[in-house]
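Structure first, commentary second.
What follows is calculated from the coordinates using simple rules that are stated; it is not laboratory data. Predicted, not measured: the structure shown is a model, and the values here were computed from it. Note that we place each Cβ from the backbone using ideal geometry, even for glycine, and neighbour counts take in every protein chain shown.
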Amino acid sequence: MTKNVFDYSKLKGRIKEKFNNQRDFAKALCISEVALTNKLNNRTKFNQDEILKCIDLLVIDLEEIPLYFFTI
């Protein structure tokens with residue numbers, strides 16, 4: 001089974017728009033900047049709780065979740 005590689009470019013843009021940088025967003029998400037970088041670079045995966053917190057912090061509409069987290 002091949003590993004899905006997700007395109008997080010839209011998510012990265014939203015992070016920059018709302019938090020200016022990944023460091024501040026990682027802090028708000030209560031994870032390290034390294035952990036966030038690993039997720040955004042497909043080294044590790046976002047878990048469901050992290051996705052829900054991202055949606056809240058970044059004010060993402062529910063119908064837009066696939067665009068931010070599941071674009072392959």
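Values for this structure:
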| quantity | calculated |
| --- | --- |
| Set of lysines near residue 10 by C-alpha distance (under 17 Å), chain-local residues within fewer than 8 positions excluded | 18, 39, 45, 53 |
| Gained length - residue 28 relative to residue 49, 0.36 nm times residue gap less alpha-carbon distance | 6.2 nm |
| Cα extents of the chain along the three principal axes, largest first (Å) | 35, 28, 20 |
| The range 8-72: trypsin sites (Lys or Arg not before Pro) in DSSP coil with no more than 10 other Cβ atoms inside 10 Å | 43 |
| Computed FRET value (nearest 0.05) for residue 18 with residue 63, which takes r as the C-beta separation and R₀ as 30 Å | 0.95 |
